[in-house]
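Working notes for the structure below.
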Amino acid sequence: MSEVVRLGIVGAGSISVRGIMPHLSLGDVHDRVIMTAVCDPFPGRAVAAGDRFNIPYAFEDYRDLLDSKKVDAVTIASPISFHYQQGKMAIESGVHVHFNKSMTTTVDEADNLIELAQKKGVKLVSSPGEMLRPINQRIRQLILEGELGQLTWAVAGSAFGQYHEKESVRHGEDILSNINPAWYYRKPGGGPLYDMTVYGLHALTGILGPAKRVTAFSGIRVSEREFRGEMLPCDMDDNTLLTIDFGQSLFGFVYGTAAGGLPNIGRFAIFGTKGTISGGELNGQPIDINTTKASLPHVVGEHLQMEEAHVYEDIMQLVDWIRTDKPTLATAEHARHVIEIFDAGYRSAKTGRAQDLRTTFDTIT
């Protein structure tokens, strides 16, 4: 077992301020991981975050963080458009990486990171680790046991709505509470697929297995959004409907929309000849699961009541892997497959043709 992992926080935006840094500030993790550095290009924000969360080193330039040699690993919580380049720089520096969703915006970028990490001996973990959830593991088991009979189709998705404009860190007056959400609506990396639909699709593919083909319609429905009196231009697709082929005529419908979602499905629903799994229920009845094992492995005590606990869990998966050489289910290969579905979906929408998928990943048994 190695020493305590020194972690750098890349990006002091919403996910870091509301979730990552509060979780990792709690003393119950400091025997395994401690935040040693934070980086954000917005003048003063990294220093403010360091002061609030007792992080000793603050940087505006990401290269300075890597060159400081103060970190063994980083969690990349910057806008998604920066994830590929920042991940590559970390890998080249021999620094392990946790990616907040999504890891990259294209499958080729994901290929490059995975290949480079293997050459450098660097460990990669990517959110969202939906198959770490005991309920999703139980659902996969039930399906393999035939509880739904022959599967017929599935649905997953999410909608932007005004979620990001209304987050608690957007409407204050200090540097850590007036964070502008403009990047969520811009190319590349914006849009509801990479940011929100990614959860349901990680779960759906984790439960059903890798997909084979995708076809889609996609475009921009809301061309600008209002935030604190400012009009934010939107040039990234915000209304995307995908049909996914899992093989043998098992299909999935996946959406990432500007507003509005299907009711009462949670993040996904799966249908078969014997019924439906939706919202943690099998045919309307709660799915049996040991309540003592119902939460994520590291989400205990105070962490249960805090925001973004699933991100904290994914970070701790990387920490465990570094310290004990214990691999995780939140793999870069699974993340790459989901990214390829989105990537191929956008190509399908442009060309009007179904796109074959080439990536795969190991499912849990």
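The values are calculated or read from the model by the stated rules, or taken from the named source; none is laboratory data. These figures come from a predicted structure and were not determined experimentally. Cβ: placed from backbone, ideal geometry, glycine included. Neighbour counts: every protein chain shown.
Return a yes/no flag: does segment 140-163 have any residue that is in contact (Cβ under 8 Å) with a residue 12 or more places away in the chain, touching a Lys or Arg at 6+ places or on another chain (Cβ under 8 Å) and within 26 Å of GLY87 (Cβ to Cβ).
Yes, because at least one residue in segment 140-163 is in contact (Cβ under 8 Å) with a residue 12 or more places away in the chain, touching a Lys or Arg at 6+ places or on another chain (Cβ under 8 Å) and within 26 Å of GLY87 (Cβ to Cβ).
Mind telling me which of the residues GLU115, GLU147, GLU92 ends up being within 30 Å of SER249 (Cβ to Cβ) and out of contact with any Pro (no Cβ under 8 Å at 6 or more places or on another chain)? Outline the logic, then answer.
On the way: GLU115 fails: within 30 Å of SER249 (Cβ to Cβ); GLU92 fails: within 30 Å of SER249 (Cβ to Cβ).
Answer to the check: GLU147.
For segment 44-95, how many residues meet the condition of being under 27 Å from ALA110 (Cβ atoms), of a type in the set (A, V, I, L, M, F, W, C) and more than 24 Å from the chain's Cα centre (by Cα)?
1
Just the residues that are of a type in the set (A, V, I, L, M, F, W, C) and within 25 Å of GLY94 (Cα to Cα), please, taken from segment 50-67.
Applying the first criterion (of a type in the set (A, V, I, L, M, F, W, C)) to segment 50-67 yields 53, 55, 58-59, 65-66.
Residues satisfying the conditions are ILE55, ALA58, PHE59, LEU65, LEU66.
Is it the case that TYR184 is outside the structural domain of LYS70 (by TED's automatic domain parsing), surrounded by 16 or more Cβ atoms within 10 Å (Cβ to Cβ), within 19 Å of the chain's Cα centre (by Cα) and at pLDDT 95 or above? Even if it seems obvious, please write down each step before you answer.
Numbers: outside the structural domain of LYS70 (by TED's automatic domain parsing): yes; surrounded by 16 or more Cβ atoms within 10 Å (Cβ to Cβ): yes; within 19 Å of the chain's Cα centre (by Cα): yes; at pLDDT 95 or above: yes.
Answer is yes for this residue.
Which condition number in (1) in a loop (DSSP other than H, G, I, E, B); (2) within 15 Å of HIS202 (Cα to Cα) is the one that GLU340 fails?
Exception for GLU340: condition (1).
Quick one: would you say GLU313 is more than 21 Å from VAL4 (Cα to Cα), surrounded by 16 or more Cβ atoms within 10 Å (Cβ to Cβ), in contact (Cβ under 8 Å) with a residue 12 or more places away in the chain and among the charged types (D, E, K, R)?
Taking the combined requirement at face value, the residue does not satisfy it.
If GLY149 satisfies all but one of (1) over 22 Å from the mean Cα position of the chain (by Cα); (2) assigned to a strand (DSSP E or B), what's the number of the condition it fails?
With respect to (1) over 22 Å from the mean Cα position of the chain (by Cα); (2) assigned to a strand (DSSP E or B), GLY149 is out only on (2).
Inspect segment 217-224 for any residue being under 12 Å from the mean Cα position of the chain (by Cα) and either modelled with pLDDT of 95 or more or under 17 Å from LEU329 (Cβ atoms) (or both) and give the result as yes or no.
Here is the first cut: in segment 217-224, the ones under 12 Å from the mean Cα position of the chain (by Cα) are none.
No, every residue in segment 217-224 fails to be under 12 Å from the mean Cα position of the chain (by Cα) and either modelled with pLDDT of 95 or more or under 17 Å from LEU329 (Cβ atoms) (or both).
Can you give me the ranges of the strands (runs of 3 or more DSSP E) entirely in segment 17-131 with at least 3 residues that are at pLDDT 95 or above, in contact with a Phe, Trp or Tyr (Cβ under 8 Å, 6 or more places away or on another chain) and crowded, with 22+ Cβ neighbours inside 10 Å?
Fully inside segment 17-131 and qualifying: 33-39, 124-126.
Would you pick out the residues in segment 284-305 that are exposed (fewer than 12 other Cβ atoms within 10 Å of the Cβ), part of a loop (DSSP other than H, G, I, E, B) and of a type outside the set (Asp, Glu)?
Once the filter is applied, which keeps residues that are exposed (fewer than 12 other Cβ atoms within 10 Å of the Cβ), part of a loop (DSSP other than H, G, I, E, B) and of a type outside the set (Asp, Glu), segment 284-305 yields GLY284, ASN290, VAL300.
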